[in-house]
1. Taking only region 378-434 into account, find how many residues are of a type in the set (S, T, N, Q) and farther than 26 Å from His363 by Cα.
2. Run down Ala224, Ala214, Ala228 and say which single residue is under 20 Å from Met95 (Cα atoms), open to solvent by less than 40 Å² (accessible area, probe 1.4 Å) and among the small types (Gly, Ala, Ser).
3. Which one is nearest to Met59 (Cα to Cα) among residues in region 88-140 that are assigned to a helix (DSSP H, G or I) and in contact with a Ser or Thr (Cβ under 6 Å, 6 or more places away or on another chain)?
4. Taking the criterion of being hydrophobic (A, V, I, L, M, F, W, C) and either closer than 24 Å to Asn439 by Cα or under 21 Å from the mean Cα position of the chain (by Cα) (or both), would at least one residue in region 127-137 satisfy it?
5. What tally of residues in region 330-358 results from selecting those that are touching a residue at least 60 places away in the same chain (Cβ under 8 Å), in a loop (DSSP other than H, G, I, E, B), in contact with a helix residue (DSSP H, G or I) (Cβ under 7 Å, 6 or more places away or on another chain) and open to solvent by less than 20 Å² (accessible area, probe 1.4 Å)?
6. With the condition kept exactly as written, say whether any residue in region 120-140 is touching a residue at least 60 places away in the same chain (Cβ under 8 Å), of a type outside the set (Ser, Thr, Tyr) and open to solvent by less than 10 Å² (accessible area, probe 1.4 Å).
7. Could you tell me which residue of region 231-252 is surrounded by the fewest Cβ atoms within 10 Å (Cβ to Cβ), considering only residues that are among the hydroxyl-bearing types (Ser, Thr, Tyr) and farther than 13 Å from Cys182 by Cα?
8. Of (1) open to solvent by 80 Å² or more (accessible area, probe 1.4 Å); (2) more than 22 Å from Asp294 (Cα to Cα); (3) among the basic types (Lys, Arg), Lys206 satisfies all except one. Which?
Amino acid sequence: MQEKSILIKNARIVNEGKIIEGDVLIENQFITEISESISAKNGDTQVIDAENKFLLPGMIDDQVHFREPGLTHKANIATESKAAIAGGITSFIEMPNTFPQATTIEKLEDKFQIAAETCYANYSFMFGGTNDNLDEILKVDSKNVAGLKLFLGSSTGNMLVDNPEVLEKIFSSTDLLISVHCEDEETIRTNTKKFVDKYGDDIPVKYHPVIRSAESCYLSSSKAIELAKKTGARLHVFHLSTAKEMGLFSNKRPLKDKKITAEVCIHHLWFSDEDYDQKGTLIKWNPAVKSSTDRAALWKALLDDRIDVIATDHAPHTLDEKSNPYTKAPSGGPLVQHAVVALMEAYHREQISLEKIVEKMAHNPAILFEIEKRGFIRKGYYADLILVDPHNPWTVTKDNILYKCGWSPFEGTTFKSRITHTILNGSLVYHNAQFSKQNAAMRLTFER
């Protein structure tokens, strides 16, 4: 089916380190022209006036948990990808710790099948590594799958890889990009026991960053990096949370030449341990939200390019589950709908530039995962684009939350900026809080 052409006029285009005023023409899924002024070629062209708005590439979230199959009482691919589209995230990479886990080719393909039928955003999935599935890992085609995910600290749907020999074998054997969750399990178990002995199950949540300590993060990430250097593996360290770990990463070479890369998540940039008293288990994540000193160090490393990517680690649980005592309350929270507007608050505070937001949430995930024709506003690229009105305030309430779990750690927060339009593969799929009926989502492809 031939798509209607879309002409975006008078936009402030944020792309590749610059902001320029101009127009963008979209035809048949692709960006076909970027210029100071473009005229509509025919009466069928849909014209969007972007006066006073920023045009950004659609964001690419390299780490989400959409809970399907098996945990769909919390979330599913349809609901969460819809929330992502409303939040300006047009492509995502989803994690393997579902039920069943995506640790065989067959189970991975099942998830692709679900996404093909129900997804609102462009999608790919990580394959999951375990202590005993090396044979399956070696069958994965790196052209079709985002990469390999290893949990070096246990998290939802325990897929802990804790056998050092297996780890080294995986690192030595695969050409897949290896993404890791780094927390040292032994340290966490020892710390947990101390607090359970003192408080039982009802440990005050403010001790979460003491239990899942900076030391546990550093111990695990430093080991993973050492192993990557030893084996030559391509390593990406997820959701960094400590000042101490920042010394492990470098900005000495451009991203495309790095073998070891790093990611930070919205919650570690926004919250600190001072928020536990008010937010409780709603901000219980693994790794834990830590001190304001840690948060400041993350911002510094993000801005000087030791950290390459900003993601969400969107990981919903129901409010009932979150209301349990500390040891029973699961870690994780929903974020895809509010990540971009949260970063826009940092832009308004002059903490980060728009160019840097686009680099860390669109350009860099595309470069790092070698995603084909996405992440940039370029002629010939898929038209995944968002329009942001920087002065259109709104408050997060139960009524406007799109996550299936129905809550957000940002409830009650007023954001200054709003995503007004989301264009996916050349189709206007979201406009002023309304979704189009047309499904324009595509499976991500990789240039490897």
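1. So the answer is 7.
2. Only one candidate passes the filter, namely Ala224.
3. The extreme case among them is Ile137.
4. Yes: one or more hits.
5. So the answer is 4.
6. Yes, that holds for at least one residue.
7. Ser250
8. Here Lys206 clears every test but (2).
The values are calculated or read from the model by the stated rules, or taken from the named source; none is laboratory data. Please read all numbers here as calculations on a predicted model, not as lab measurements. Cβ coordinates were reconstructed from backbone atoms using ideal geometry, including for glycine residues, and neighbour counts include every protein chain displayed. Only protein heavy atoms, including side chains, enter the accessible area calculation; ligands, DNA and RNA are left aside. Shrake-Rupley method; radii C 1.70, N 1.55, O 1.52, S 1.80 Å.
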